[in-house]
Amino acid sequence: MNYLIIEDERLSAERLEGMIKKLFPDFVLVKTLDSVKSAVKWLANNEHPALGFFDIQLADGLSFEIFEQIQPQFPVIFTTAFNEYAIRAFKVNSIDYLLKPIDETELKASILKFKQGSSKPVSIETEAIAKTLQMLSNSYKSRFLVKVGEHLRMIAVDEVAIFISMEKSTFLRTYNGRDYGIDFTLEQIEGLIDPKKFFRVNRKFIVDIKSIQDIIAYSNSRLKLKLAVTTDEEVIVSRERVGEFKDWLEK
């Protein structure tokens, strides 16, 4: 069976491909795409696969936007870092969703569901999606619970200047320069915080818009950010994210 992955996180795409290969060796990955734009273009010019795995949040928008431009002729399993409340809301559309990080058992069950006869293409109800997205906008985290020694402390999201991923660990840095470890990946954090206030500039950093003090042209069409807090390495907006970053600043 041929399948398609639409995912803007390279490591997540590779992990998903690896799990599918382990569970269903006869499955063949035909393409991995990382944006709404590239997905629409590819689907318009290529034979559609038997199954698709679509991340909800892509670099240039939500994967639901693909359905506004072209109708995929295959069933889709959506993957998301949104919380379980949001997933329950999305299920009014009778579409399968997998919560990131994806559990192998749940992935297997979801694929078996499609192999056992659920071969209908996805039918997207735009009105239901609009209502769900509104619910999502009202369900962003307002604080993170962190451990300080033997104590637990609540850090308000408004106190966070930057989220950092380093050496398989994730931590937040507050505006007063304190670091706190958190049990989330950056990918998960993206689904928990308000995208109007925070932006993932590259694989290592998510920055608060209030923390940006200066934006400097950098090599290879990238941008360097000067923040209100110090970091161990330069905070660079990756080349593929520069366009979206500029759009975000103007919203």
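Throughout, read-outs are computed from the coordinates displayed, never taken from laboratory work. Quick caveat, the model's predicted, so the values are computed rather than measured. Note that each Cβ is placed from the backbone with ideal geometry, even for glycine, and that neighbours are counted across all protein chains shown.
Annotations for the structure displayed:
- In the stretch 1-57, the GluC sites (Glu not before Pro) that fall in loop regions by DSSP, at most 10 other Cβ within 10 Å: Glu47
- Cβ-based net charge around Ser110, under 12 Å, with every Lys or Arg adding one and every Asp or Glu removing one: -1
- Alpha-carbon centroids, the stretch 3-39 and the stretch 182-241: separation in whole Å: 25
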